Structure formats: structure tokens, C-alpha cells
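Data first, discussion second: the structure below is written as C-alpha cells.
Each reported figure results from applying straightforward, stated rules to the coordinates on display, with no laboratory input. Computed from a prediction, not measured in an experiment: that's the story for all the values here. Every residue, glycine among them, receives a Cβ derived from its backbone with ideal geometry; neighbour counts consider all protein chains shown.
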Amino acid sequence: MNTILILMAMQYLNVPYKWGGNNYDGLDCSGFVLKALHDVGLTLPDMTAHGLYDYCDKEGYMVTDQSCESLLFFGRGGKISHVAISLGVVDGKWLMIEAGGAGEDSKTMTLKELAEKDARVRIKPVSNRSDLVAEYKLPYREML
């Protein structure tokens, strides 16, 4: 699990969730993933989780092996609503690190309300979500 992307992502643990956030003051899911990728040398334009999904799909980066460092996309009805970074399988559980909020409600919630919902960069099992759509592995090392 000690890969460069994972180590870069770990530095954001406990940063508060903020809709549209892309810095230490607050991160949303795509802001978090783009920041971690930037830290390992892959700078992509600012985009939503769905935009990042379209980028990965177009480039053909799909994997299906619960691998470490892959990007996990979640959604329903053809709309990607969340992205996280896979930590791979640890102690028999497939884990991810994500900037998790409170869904659409997080746009209007106060920082206190978000904190009560445990809205922050955190590690949790992938199995806590039933809407996994795709897993992609970016070839960022070849791009350095």
C-alpha cells in the first residue's frame, strides 16, 4: 500500500469536506483526487467527478482488480457523482480514501453540520457504497 499516490493522498486525511473545495481549507471528492494526482506530477484541469470519469474512460484506463492507486467512480443512472482513490485490499477489505460529504445537501450545510456528518477526507471500505460504476488506473508514472 505504500505507493507515491497513496502517500500523497494520506497528507489530506481529516481535511474538512467543502463542496467545490480544492485546498487545505476544504476539499470535495474531485478536488481531493486532482490535488493528490497533482502532487505526484499529473496535473489535470479542474473538473468534476463525472468529468474525471469521462477523461479516464476516453483514455481507456479501466482496471477490474481492486488495485491500489486506482480511481473509483460511483453513481447511478449514467451520472457519476463521486470519485475516490483505492487503497487496494487490506486485511481482506477493499478500502478507499475519499473526501466524503453529505451528498447534495453539503452545498448548503454549515461546517458544524458537515462535521457532525463526518464530512472530511477519510478512509473507509468500498463496500459501504453500492453504486460503484468503474475502477480506473491512471498511468501517471509514465507521464513524469
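Observations on the model:
- Residues of type lysines that K124 reaches as a straight line, Cα spacing below 18 Å, ignoring anything fewer than 8 places off in the same chain: K93
- Angle between the chain longest axis and helix 49-59 axis [Cα atoms, degrees, rounded to 10]: 10 degrees
- Here each label is just a point 7 Å from Cα along the line to Cβ, and for N23 and R76 those points are 3.5 nm apart.
- With each label modelled as a point 7 angstrom along the Cα→C-beta vector, the K124-D57 pair spans 2.4 nm.
- Of K58/K117; K79/K137; K112/K137, pairs whose Cα-Cα distance is over 30 Å: K58/K117; K112/K137
- Selected from L27, L87, L132 as most flexible by GNM, with the chain as the system and alpha-carbon contacts under 10 Å: L132
- For Cα Rg over 2.2 N^0.38 Å, calculated from these coordinates, the label among (i) 1.13; (ii) 0.97; (iii) 1.03: (ii)
- By the helix-only formula, in which each DSSP H run with n ≥ 4 contributes -39500 (n - 2.57) and the sum is divided by residues, the chain has a 222 nm mean residue ellipticity of -7000 deg cm²/dmol.
- Charge sum, other residues only, whose C-beta stays under 11 Å from G100's C-beta, Lys/Arg counted +1 and Asp/Glu -1: +2
- Helix 29-39 vs. the chain, principal-axis angle (Cα, 0 to 90°, nearest 10): 50 degrees
- Extension gain for M47-L13 works out to 10.1 nm (0.36 nm per residue, less the C-alpha to C-alpha distance).
- A Förster radius of 35 Å combined with the Cβ-Cβ distance from Q66 to T110 puts the calculated FRET efficiency at roughly 0.45.
- Considering only A102, A9, A36, the residue lying farthest towards the positive end of the dipole of the chain is A102, judged by Cα position with unit charges set on Cβ.
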